Amino acid sequence: MPRGNSFKTVEAIGRTLPDVEVTTAYGQPALKVRGKMIACMAANKAAEPNTLAVKMEFADRDALIEDDPDTYYLKDHYLNYPCVLVRLSRVRADALRDLLAGAHRFVMAKARKAKKKK
């Protein structure tokens, strides 16, 4: 599949996921599910232009970076956040779809755990 995605591609994929809304976070375009962010354009100046921050488990993030450092990366600002930085110019559309679906599951699972604790 071709590469060179933009937030329009991210938005189109996000709209196929349940309860996802297109909004903003930190002044950047974002996808949220029930008010919780699953992905947004990276706002920190340390991130490269056209970078998407996608929520996920730390172990999954580390594996992606190790397997494909040309596509996935991290900057110091994001070290303590459960997310990976994705170069939209490099990621394949099918991989982006999988990332966003995984982020959706990750955020929904965290929300369910938080609800059970109440």
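Output the pairs from K45/K115; K45/K116; K75/K116; K75/K110 with a Cα-Cα distance over 28 Å in this structure; if there are none, say none. As for pairs spanning more than 28 Å Cα to Cα, those are K45/K115; K45/K116; K75/K116.
Note down the relative contact order for the chain as a percent, whole number, built from C-alpha pairs under 8 angstrom at least six residues apart.
Values: 186 pairs, mean separation 33.8, N = 118.
Dividing the mean separation by the residue count of the chain yields 29 percent.
Using the 1.4 Å probe convention, the accessible area of the chain works out to 60 Å² per residue with neighbouring protein chains retained. A Förster radius of 25 Å combined with the Cβ-Cβ distance from D19 to A59 puts the calculated FRET efficiency at roughly 0.45.
Highest average first, the peptides 15-28, 94-107, 70-83 ordered by how many other beta carbon atoms sit within 10 Å of their residues are 94-107, 70-83, 15-28. Dividing the helix sum by the residues of the chain, where each DSSP H run of 4 or more adds -39500 (n - 2.57), gives a mean residue ellipticity at 222 nm of -12000 deg cm²/dmol.
Accessible surface for E66 stands near 150 Å², nearest 10, in the context of the full protein assembly shown (1.4 Å probe).
Counting only protein heavy atoms, what percent of the accessible surface of the chain is carbon or sulfur at a 1.4 Å probe?
Carbon and sulfur together cover 50 percent of it.
In terms of Cα atoms, the Rg and Dmax of the chain work out to 13.4, 45 Å. Relative to the longest principal axis of the Cα atoms of the chain, the long axis of helix 58-67 lies at roughly 20 degrees.
The values are calculated or read from the model by the stated rules, or taken from the named source; none is laboratory data. Nothing here was measured: the structure is a model prediction, and the numbers come from that model. When we count neighbours, we look across all protein chains shown, and the Cβ atoms used for this are built from the backbone with ideal geometry, even at glycine. Note: areas computed on protein heavy atoms with side chains; ligands, DNA, RNA excluded. Shrake-Rupley method; radii C 1.70, N 1.55, O 1.52, S 1.80 Å.
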